[in-house]
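What follows is calculated from the coordinates using simple rules that are stated; it is not laboratory data. None of these values were measured; they are calculated from a predicted model. Ideal geometry is used to build each Cβ from the backbone, glycine not excepted, and the neighbour counts take in all protein chains shown.
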């Protein structure tokens, strides 16, 4: 593979593009790692390379990764922390690299199931059968909005990708129109062939290059790999924005259990099984007396814990004093209270999961033998999936809570957080591993054919020591670390700090001065990027801009990202810091 020739072709076919020496150097190093990853016995080599701003690392690692996908047995997975970078890679960089060159490389964007509407659940929301309507759904239903969604979906005016829906949806709304792995009936669903999630899965399966996010990458690895993304052993990975991989891994391995939600879960399952027993012949073989006993035990444990932790109103008093988080070190009375019930609760949750899994199997038998209608089957499977998903979340937290750490192992952080909801004060148990190094070693580093970690900020205080410690790279036998030079000559840079009369803590006077200064600084014939640390101030400043400037300004929020990429022709973009 002639990397120099590829960059020469890009330069000749792309106005304004000039390859940088650091970009070419990155491509060559990535190519070396990629070629080693496709050997018959790959050595699981790992390269961590810091590429400063301006290097053009995205095109650099894409060009270098071509060696991995030239082998028909291997795939390339690119993982990022932000949707912005994913859209840049899919909508700009990959088309620039492959479509103009005529190379028949296929690529796809992989997102989690929760980023796609569930056709079956959306249809049911629009046309609800009152016999099965669950009380927990009634307060969130907005049929007019969902009806518009369904019409656009059936008319092929919308793909079902929620990131491309023009309106922002609340968490509660998303919960009603998306599904879980447990609740999806797959090929048994009459919407399977038109399902946007499964369409994406088919594209991912056949694609040479898959672009995804850290959360889905880690979720797939935790499930064993190869569930949605390609199998790790046949995959070369580029993890961009790798400075955020540690936090993403910790989120994937953490757990939280809302005691009020745990209490409500028992009621939900009891209500579900009661309705199911009247329509599903196969489930009648189950012992509902024993089932109801277990459900009452779960509810009883949740109520007992809430009562003991909040005895004499101490947690309510703490909440009123804005003491919203409380650590649970070894020997803490609250931790001891939780430990008394933890093992029994984990056992109950395990039994409940197995029970609902059995109910799911029986329901599938009813459907296969035509003893239940397709609509009934899909609705109940969705409800069962919701319950299984909730049980799994609670189980993960309590199982992590019970884990015993030796003095030589990094501890698990345990704490209680308090939050106010519609039904009063909620007590939430939180557990998270302090270190994810060992998990990443077993799930990722030792499984993948080859990995490149890159970012503009991998080092801390000039070394890779912290990255090594956080990600467990120091014990990986084939780890390599490199730092590319910046393409910018900082000796020629001038830092100008505007002489302003007001400071940010002055509120309105500062905003007025900022608005006036922006009017002076923004050139209508050039691009300007304005970063804010607070959305409220961003919105107020945008609203106060002159009509001429506001007309050519894109502001974060209110427009789907795809529309931003396709419709941006203005000279100014405003956004919060996380957007950039």
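From a point 7 Å beyond the Cα of residue 369 in the direction of its Cβ, which residues of the range 277-298 have a backbone N at a distance under 19 Å?
Residues passing the 19 Å test: 277-288.
Can you tell me how much longer the chain between residue 308 and residue 188 gets when fully stretched, taken as 0.36 nm per residue apart minus their C-alpha distance, in nm with one decimal?
Length gained between residue 308 and residue 188: 38.6 nm.
Could you state the angle between the C-alpha long axis of helix 535-544 and the longest principal axis of the C-alpha atoms of the chain, as a value from 0 to 90 degrees rounded to the nearest 10?
Roughly 60 degrees between the two axes.
Which of the peptides 331-337, 429-435 is most tightly packed, and how do the rest follow, going by the mean number of other Cβ atoms within 10 Å of each residue?
On the way: 331-337: 14.0, 429-435: 19.3.
So the peptides 331-337, 429-435, ranked by packing, come out 429-435, 331-337.
Full-extension gain between residue 361 and residue 168, please, as 0.36 nm times their residue separation minus the C-alpha to C-alpha distance.
Result for the pair: 65.8 nm of gain on full extension.
What FRET efficiency, computed as 1/(1 + (r/R0)^6) with R0 = 30 Å and r the Cβ-Cβ distance, is obtained for residue 92 and residue 438, rounded to the nearest 0.05?
My answer for the efficiency is 0.20.
Pop a pseudo-label 7 angstrom from the Cα along the beta-carbon direction at both residue 199 and residue 11 and give the gap in nm to one decimal.
A separation of 4.1 nm, rounded to one decimal place.
Pop a pseudo-label 7 angstrom from the Cα along the beta-carbon direction at both residue 53 and residue 103 and give the gap in nm to one decimal.
2.9 nm
At 222 nm, what helix-only mean residue ellipticity would the chain give, in deg cm²/dmol to the nearest 500, using -39500 (n - 2.57) for each DSSP H run of four or more?
-14000 deg cm²/dmol
Pick the calculated volume of the Cα convex hull per residue in Å³ for this structure from (1) 266; (2) 202; (3) 179?
(2)
Please work out the FRET efficiency for the pair residue 39 and residue 526, using the Cβ-Cβ distance as r and a Förster radius of 56 Å; give the result to the nearest 0.05.
With a Förster radius of 56 Å, E is 0.70.
Please give, to one decimal in nm, the separation of the simple spin-label points placed at residue 351 and residue 330, each 7 Å out from Cα toward the Cβ.
3.2 nm
Specify the inter-centroid distance of the range 258-327 and the range 487-528, based on alpha-carbon positions, in whole Å.
Comparing the Cα centres of the range 258-327 and the range 487-528, I get a distance of 54 Å.
Sorted by mean Cβ packing within 10 Å, highest first, what order do the peptides 184-195, 446-457 take?
Ranking, from highest mean packing down: 446-457, 184-195.
Could you please state, rounded to a whole Å, how far the C-alpha centre of the range 412-460 is from the C-alpha centre of the range 46-96?
25 Å
Using Cα-Cα distances under 8 Å and only pairs 6 or more residues apart, what relative contact order does the chain have, in percent? Could you put the intermediate results ahead of the total?
Numbers: 833 pairs, mean separation 129.2, N = 580.
Once divided by the residue count of the chain, the mean separation gives 22 percent.
So, in Å, what gap is there between the alpha-carbon centers of the range 1-32 and the range 346-385?
54 Å
If R0 is 60 Å, what FRET efficiency do you get for residue 274 and residue 73 from their C-beta distance, rounded to 0.05?
That pair, residue 274 with residue 73, gives E of 0.70.
Considering the zone a paramagnetic label at residue 469 would reach in this model (a point 7 Å from Cα along the Cα-to-Cβ line), which residues of the range 423-444 have amide N under 15 Å from it?
434-438
Hey, can you rank 201-214, 529-542 by average C-beta count inside 10 Å, highest first?
The densest-packed peptide leads the list: 201-214, 529-542.
Between helix 374-402 and the chain, what is the angle of the helix's C-alpha long axis to the longest principal axis, kept within 0 to 90° and rounded to the nearest 10?
80 degrees
Between 0 and 90 degrees, rounded to the nearest ten: what's the tilt of helix 508-521 against the longest Cα principal axis of the chain?
40 degrees
Can you tell me how much longer the chain between residue 457 and residue 546 gets when fully stretched, taken as 0.36 nm per residue apart minus their C-alpha distance, in nm with one decimal?
Values: separation 89, 0.36 × 89 = 32.04 nm, distance 3.71 nm.
Taking 0.36 nm per residue and subtracting the Cα distance, the gain is 28.3 nm.
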